[in-house]
Every structure is written in C-alpha cells, then in structure tokens.
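Trainee: This is the structure I want to talk about, given as structure tokens.
Derivation of every value follows stated rules applied to the coordinates shown; laboratory data play no part. Since this is a predicted model, take the numbers as computed values, not measurements. Here Cβ is always computed from backbone atoms with ideal geometry, including for glycine, and neighbour counts include all displayed protein chains.
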C-alpha cells in the first residue's frame, strides 16, 4: 500500500543493502595475495597532497591503494581527532598496522575506501600519521620503497586551521598556525635525522604541482628500482588534473599557484615566525617565507643533509 510505513522501511532497507553491496564490490572485493616486495609506502603529513599523489599512482589497473592504516589503532577517522592525537614515534600498534598493510593483511571500509582494483598486482600504502615512524619502517622493511612527501608547513597549517583540524581550535589563528608549523618542523627534523630515512625518496608537493610528469616519473623510477611490477604503471593524465578525494577546495582546473596557495592572507609577522621555526629545525634549505619549495628536485636530499 502506498504510504504504508512498513513498506517504506522495507524499501529504504533494500536500497541501503544494495548500496552497501555495491560499495563492497567496488572497494573491498579484491584478491590480494602478492608479496610485500610489491608494496610501497607513501608517508606524509595531513593536508600535504598525499591522497592526490596516491590516487595518481594507483590509477593503473591492479594497484591497490591502502588508505592510512596507522589511523586504525586509535580509530582516528576524521581530521579533527587525528590532529589532536600525538603522532606515533615508537614501536607499537601503529607500526604494526603499517607493516600489516604492507603485507596486504588489512581489509575494511577505512583502508579500502579508495581502492578500485579487484585483482591486485601491487599495493601502495598511504599514511599521514607515519612521519614519526619513518626511520623504523625504513630500517625494519628494507625491501619496501618509501616515498616521503613534504609540503610547506605554513600552507599545511593554513589548510588545517581553516578546517578546524588543530589541537587548540579556540586559540587565536596566529597561535594555531605557529603551533602546527612547530609540530611539523619538529617531527620532520627528527624523522629525517634518522640514518635509515636516507633511503626514502623525498618529494615536494610543490614540484609535483609545477611539473607533475617529471615528478611522478621520478617517483616511479624509485619504485621500479625495487620491483619490476611498477614498470607497467603510468600516471593517468586525467587524475593528474583532478582534485583528490580529500580536497575541500573547488573542483575543476586550477593554475599551479592556486594548487600551492599563497600567504597573502597571513600576517607577515606570522610568516616570519613560521620561517624561523623551520630554519631552527634545520629545514630552512627547503622552505622559507614564500609558499614554494626553495630547491630543485635533484637538490632536495642535499638540502636535507645541509641541516
């Protein structure tokens, strides 16, 4: 009968079940028995562009994208809770989650939300809470290629503050920005000081925006050097131009300067203080008082060693 409450509930339940089945088929119905040698780890900070980079790399058939397994132990499924939880830096549940993901031993709504491959030939594990684990993963998983994506910390802070993803959302904006830059600088300085991290390929988000073809070819060359399964992967031109699944900006094409952003709306004093924090951490060779990276791609590693 039209308008009958029971009929309506059954119809809604059936629609929900169909949607759930479709989602499961699209994202979780995959066969993943490949060894860890075919895995790679993409490590970054929140709001660094890693989802975009991961989606470009995983657009090729057979590439499984495992999304942020280090968030699983703390059930950190939104930006606010993740921003207010201390980053892991010692062996524990988060490190175990990353290593299980590299072996393909995780499955579920969170980690598979961006997966679209049914028969897995290779896997990319992407984390935004793994910077403090960089040295540990590099030392414990020598056969796994690692890509560390960096972005200007003040640009990251601006995005986080705008979204309310900080640990002191009621503080003045200037204080929130500088607190985020301080956290970024300290975590990255510590991670990059670990000798084991030297084998990670460091890539700047700004380089990927300015010259995506060359930057992604550099990333793929690093992955191919570890396993031939990456030989067949090519960046998808459509994905290169598209915002990521976690982009909160407008859709459509944008210039490189729009992707990178500017400091025009930030008090010059805050920009100066943020720059001082980056320099104090020994990373002034990478970033300064402009939103772009200060060195060419082939000089990133030498700039880090100049700390």
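Trainee: How large is log10 I(q)/I(0) at q = 0.07 Å⁻¹ when the Debye formula is applied to the Cα atoms of segment 29-305, each weighted equally and without solvent?
Mentor: -0.23
Trainee: Just the Cα atoms of segment 73-140, one point each, no solvent: what log10 I(q)/I(0) does Debye give at q = 0.21, 0.23, 0.26 Å⁻¹?
Mentor: These q points yield log10 I(q)/I(0) values of -1.00, -1.15, -1.35.
Trainee: Let's test the formula: R0 of 22 Å, r as the Cβ-Cβ distance of residue 198 and residue 279. What FRET efficiency results, to the nearest 0.05?
Mentor: About 0.50, to the nearest 0.05.
Trainee: If you don't mind, there's one more thing I want to ask. Starting from the Cα gyration tensor of segment 256-307, take the square roots of the eigenvalues, sort them a ≥ b ≥ c, and report rounded, prolate or oblate (rounded when a/c is under 1.5, otherwise prolate if a/b is larger than b/c, else oblate).
Mentor: Oblate is the answer for segment 256-307, as a/c is 1.5 or above yet b/c matches or exceeds a/b.
Trainee: Could you state the number of Å between the C-alpha centres of segment 53-110 and segment 198-225?
Mentor: Here the answer is 21 Å between Cα centres.
Trainee: Another one. Based on alpha-carbon positions alone, could you give the equivalent ellipsoid semi-axes of segment 45-184 from the gyration tensor, as √(5λ), descending, whole Å?
Mentor: Rounded to whole Å, the semi-axes are 27, 16, 14.
Trainee: Among rounded, prolate and oblate, which fits segment 25-112 when a ≥ b ≥ c are the square roots of the eigenvalues of its C-alpha gyration tensor, a/c under 1.5 means rounded, and a/b larger than b/c means prolate?
Mentor: The shape class here is prolate.
Trainee: Still on this structure, please answer the following. For residue 211 and residue 85, calculate 0.36 nm times their separation in residues minus their Cα-Cα distance, and state this gained length in nm to one decimal. Could the numbers behind the result be given before it?
Mentor: Working: separation 126, 0.36 × 126 = 45.36 nm, distance 3.41 nm.
Extra length from residue 211 to residue 85 when fully extended: 41.9 nm.
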